[in-house]
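J.: What follows is a structure written as structure tokens; I'll ask about it next.
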Amino acid sequence: MTYRGRFAPSPTGPLHFGSLVAALGSWLCARHAGGQWLVRVEDIDPPREVAGAADQILATLPAFGLLADAPPLFQSQRIAAYDAAFEQLRDNDHLFPCWCSRRVLVASGGIHRDGRCLTAVDPQRPPAWRLRVPDVEVSFPDALHGPQRESLRQRVGDFVIRRAEGFYSYQLACVVDDAFQGISEVVRGTDLLDSTTRQIWLQRCLGLSTPRYRHLPLVQDQHGRKLSKSTRAWPLDPTDPIPALRRALAFLQRPFPARAHDVETLLVAALEGFSPTLLSHCSGHSVD
Ligand code: GLU
């Protein structure tokens, strides 16, 4: 089977050092395996998106030498595929419409576990649609974190597939597109480790195969928080890629021996010394 990896940014702001680590980690794994590397723009949550961010992200990646093997896939253009998956789930009785507010779910810690809506049908308001999650344990081996297992119903419960505003959830879109793009290994940040059992369960409901998973360490600020737009992480400077690229390589894989002064030579040298098994699974501080 051909190795196919991907980087799937949400266009909620410019790329920062934490997202470079995720992009570079997935790129290194794909190139090391002699496989393909794809980019997917996860632009299905308009309220969270920032105008111009998708273009900015797509212009920044090549400046860091991260060239995809196909044009980017935009999730905003994939609604028909999500509609089809939604209908398949509904036809197979995996979904139910739900009018429950957060307030209704307070007693159960915000988790919906009943497999049916607890609130009266309100014809004036569109419902959210939830996946009915049975009492099963979902397990998978993570390439960096080892065996994972959890009771999906206990921790997550009946999770939302389509919000009341009509937007499809990240979980559904991600599963449909990982299958559509033929992704063989998902390499992404450890912040998404806890989405994986939901995605595996959805793959089973939809009859899709499950890729392998490798969750990379997170870059943290001095306070141990994940570097993100909300912690005011600095955007990357595409006109001066080498320092950030060096730091990202050193973060992912110590020791990092290569001395090079242009992006291409640096990446070639990094790839020569790279092994996915040497990736650290420990999140750590940025040298910022
Ligand atoms: N779009 C998600 C993010 O930017 C990543 C999704 C994924 O890699 O599965 O956090």
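The values are calculated or read from the model by the stated rules, or taken from the named source; none is laboratory data. Owing to the predicted nature of the structure, the values given are computational and were not obtained by experimental measurement. Glycine gets a Cβ as well: all are built from the backbone with ideal geometry, and neighbour counts include every protein chain shown.
J.: Need pairs with beta-carbon distance below 7 Å; first residue among the hydroxyl-bearing types (S, T, Y) and within segment 183-210, second part of a loop (DSSP other than H, G, I, E, B) and within 14 Å of the ligand (Cβ to nearest atom); sequence gap 6+ or separate chains.
T.: Close Cβ pairs (under 7 Å, with a partner that is part of a loop (DSSP other than H, G, I, E, B) and within 14 Å of the ligand (Cβ to nearest atom)) amount to S184/P211; T190/L218.
J.: Between a first residue in segment 143-171 that is acidic (D, E) and a second residue that is outside any loop (DSSP other than H, G, I, E, B) and more than 16 Å from the ligand (Cβ to nearest atom), which pairs have beta carbons less than 7 Å apart while being 6 or more apart in sequence or on different chains?
T.: From segment 143-171, the pairs are E150/E137; E150/V138; D158/H112; D158/R130; D158/L131.
J.: A further question on this structure: Report, by residue number, each residue of segment 259-277 that is crowded, with 16+ Cβ neighbours inside 10 Å and either within 22 Å of R214 (Cβ to Cβ) or free of Cβ contacts under 8 Å to residues at least 60 places away in the same chain (or both).
T.: Taking segment 259-277 and keeping what is crowded, with 16+ Cβ neighbours inside 10 Å, we get 263, 266-267, 269-270, 274, 276.
Within segment 259-277, L267, A269, A270, F274, P276 meet the criteria.
J.: When the residues of segment 101-156 are narrowed to those that are in contact with a Lys or Arg (Cβ under 9 Å, 6 or more places away or on another chain) and at positive phi, which ends up modelled with the lowest pLDDT?
T.: Checked segment 101-156; the qualifying residue modelled with the lowest pLDDT is G110.
J.: Identify all residues within segment 165-186 that are buried (at least 20 other Cβ atoms within 10 Å of the Cβ), within 10 Å of the ligand (Cβ to nearest atom) and not aliphatic (A, V, I, L, M); write none if there are none.
T.: The answer is C174, D177, D178.
J.: If you check every pair at least six apart or on different chains, which have Cβ atoms under 8 Å apart with a residue in segment 10-32 that is over 12 Å from V187 (Cα atoms) first and a residue that is buried (at least 21 other Cβ atoms within 10 Å of the Cβ) and of a type in the set (S, T, N, Q) second?
T.: Matching pairs, first to second residue: P14/T60; L15/T60.
J.: Now, a different point. Which residue, of R40, R78, R48, is within 12 Å of the ligand (Cβ to nearest atom), over 22 Å from A270 (Cα atoms) and out of contact with any strand residue (DSSP E or B) (no Cβ under 8 Å at 6 or more places or on another chain)?
T.: Working: R40 fails: out of contact with any strand residue (DSSP E or B) (no Cβ under 8 Å at 6 or more places or on another chain); R78 fails: within 12 Å of the ligand (Cβ to nearest atom).
Selected residue: R48, the only one of R40, R78, R48 that is within 12 Å of the ligand (Cβ to nearest atom), over 22 Å from A270 (Cα atoms) and out of contact with any strand residue (DSSP E or B) (no Cβ under 8 Å at 6 or more places or on another chain).
J.: So if I check each of A63, A70, A59, A53, which one is at pLDDT 95 or above, under 27 Å from L28 (Cα atoms), within 16 Å of the ligand (Cβ to nearest atom) and among the small types (G, A, S)? Break it down stepwise before answering.
T.: Working: A63 fails: within 16 Å of the ligand (Cβ to nearest atom); A70 fails: within 16 Å of the ligand (Cβ to nearest atom); A59 fails: within 16 Å of the ligand (Cβ to nearest atom).
Going through A63, A70, A59, A53 in turn, the sole match is A53.
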